[in-house]
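The values are calculated or read from the model by the stated rules, or taken from the named source; none is laboratory data. Keep in mind it's a predicted model, so treat the numbers as computed, not measured. Backbone-built Cβ (ideal geometry, glycine too); neighbour counts: all protein chains shown.
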Amino acid sequence: MKTTRNLLWMKAKIHLNEYGLHFIDGDFKEVLKSGNYYFFDPAMKHSVEESSQLSPWLNSVKLEDIILSGKLKGLAEIIDLNDNQRGIVWIDGRFNRVLESGRYAYWNSQKNVVIEIVDAQSIQFKHKALSQIVQSPSGKAAINQAIIPPYHLGLLYYDGKFVESLSAGLYAFWKNTVDAKVVFVDMRERLIDIAGQELMTADKVTLRMNANIVFQVIDAEKMTRTVEDIQQVLYREAQLALRNVVSCRELEQFLSDKNEIALEAETILNSRVESLGVKVLTFGIRDIILPGEMKELLNKVTEAKKAAEANLIVRKEETAAMRNQANTAKLLENNPTLMRLRELEILEKIAATGKLQIIVDEKKLTDRIVNIL
């Protein structure tokens with residue numbers, strides 16, 4: 001559109017695919033179609049606003065006056081959304097914008113405009129093109145979105161009241177209705193390290209312990225309603241459980257029953273946190289750190305035990321060997337033939353070594369050797 005003026009006249013040229021909104025002294029008078037228009041205007045009271053049919057929205061500060069004039073009939077469509085309604089606009093099959101409550105007008109000659117009327121009282125907005133709608137500027141202005149990550153649960157609250165649990169995915173809620181809030185809760189197994197705990201056994205030995213617990217949320221709404229920081233609560237309760245199981249055992253018993261102690265601590269811990277909506281899956285003792293002098297003492301005790309065990313094994317072997325020799329001697333004594341064979345085996349071994357030297361001293365000994373050979 002183009003307008004020109006001289007002292008007496010104003011000329012307005014309206015192009016194709018345009019409309020002109022004609023005002024006199026600020027009051028709307030008519031819609032001008034494409035063409036040239038001349039207005040006698042020595043007082044400069046005439047004005048014309050351009051409005052493109054391709055937009056296709058009719059935007060004007062005087063929109064209410066223009067609509068009420070009734071002169072848009074047949075040229076434009078009027079849509080009036082109340083406080084509980086929103087409009088999803090599609091132009092030529094493509095998403096265009098989200099309309100909040102209010103009155104709107106659009107030209108119907110050049111574009112195929114479709115407006116879905118949505119009830120905002122439902123608060124949560126669901127649509128097959130939800131992702132596209134909420135990412136648009138008008139969608140961000142009218143809709144709050146929540147993206148719940150994988151392996152998480154979303155707890156939905158309206159004005160602080162719990163409504164329902166939501167699985168992973170994209171959700172949208174209309175603004176200016178209620179205060180919609182989504183709290184994310186990780187439903188996977190999680191690990192808490194309990195490091196450097198100083199504990200005292202029943203026999204007054206102070207030690208340090210490193211442990212860990214693996215837990216999982218089983219009731220997200222109960223946990224969120226009951227505690228603010230579940231990991232801090234579990235850490236504190238794990239400390240108390242460890243003190244309970246360690247303080248009633250002496251050091252030697254504690255060192256020999258670590259697995260049993262871990263199971264007992266897990267049972268105590270679960271009994272304390274079952275009302276919080278979580279479950280402790282495992283309780284593990286990683287490291288036990290003793291004072292330096294206690295380490296030396298335990299090493300000496302262990303060394304003495306091992307030495308005593310080794311000595312006992314040697315004595316048992318010697319006893320077994322002597323018992324075998326006694327049995328063999330008794331057997332040879334009662335069986336001369338077996339004794340003779342034994343002597344021959346010994347002489348055979350001696351002869352096999354290479355050279356046999358016989359020293360003869362007494363005749364009786366000589367006769368015995370000859371008889372043997």
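Some points to look at:
- Residue list for the stretch 142-168, restricted to those being over 26 Å from N84 (Cα atoms), of a type in the set (G, A, S) and surrounded by fewer than 14 Cβ atoms within 10 Å (Cβ to Cβ): S167
- Condition met for S122 (surrounded by fewer than 16 Cβ atoms within 10 Å (Cβ to Cβ), more than 30 Å from D229 (Cα to Cα) and free of Cβ contacts under 8 Å to residues at least 60 places away in the same chain): yes
- Selected residue (criterion: farthest from E274 (Cα to Cα)) from residues of the stretch 221-231 that are surrounded by fewer than 16 Cβ atoms within 10 Å (Cβ to Cβ) and more than 17 Å from the chain's Cα centre (by Cα): E228
- Every pair of residues 6+ apart whose Cβ atoms lie under 8 Å, when the first sits in the stretch 130-159 and is at positive phi and hydroxyl-bearing (S, T, Y) while the second is assigned to a loop (DSSP other than H, G, I, E, B) and surrounded by fewer than 14 Cβ atoms within 10 Å (Cβ to Cβ): Y151/R188
- Within the stretch 160-211, tally of residues that are in the same structural domain as D229 (by TED's automatic domain parsing), touching a residue at least 60 places away in the same chain (Cβ under 8 Å) and among the acidic types (D, E): 0
- In the stretch 246-272, of all residues being over 31 Å from the mean Cα position of the chain (by Cα) and surrounded by 17 or more Cβ atoms within 10 Å (Cβ to Cβ), the one that is modelled with the highest pLDDT corresponds to V246.
- Test: F95 is farther than 28 Å from L72 by Cα and assigned to a strand (DSSP E or B): no
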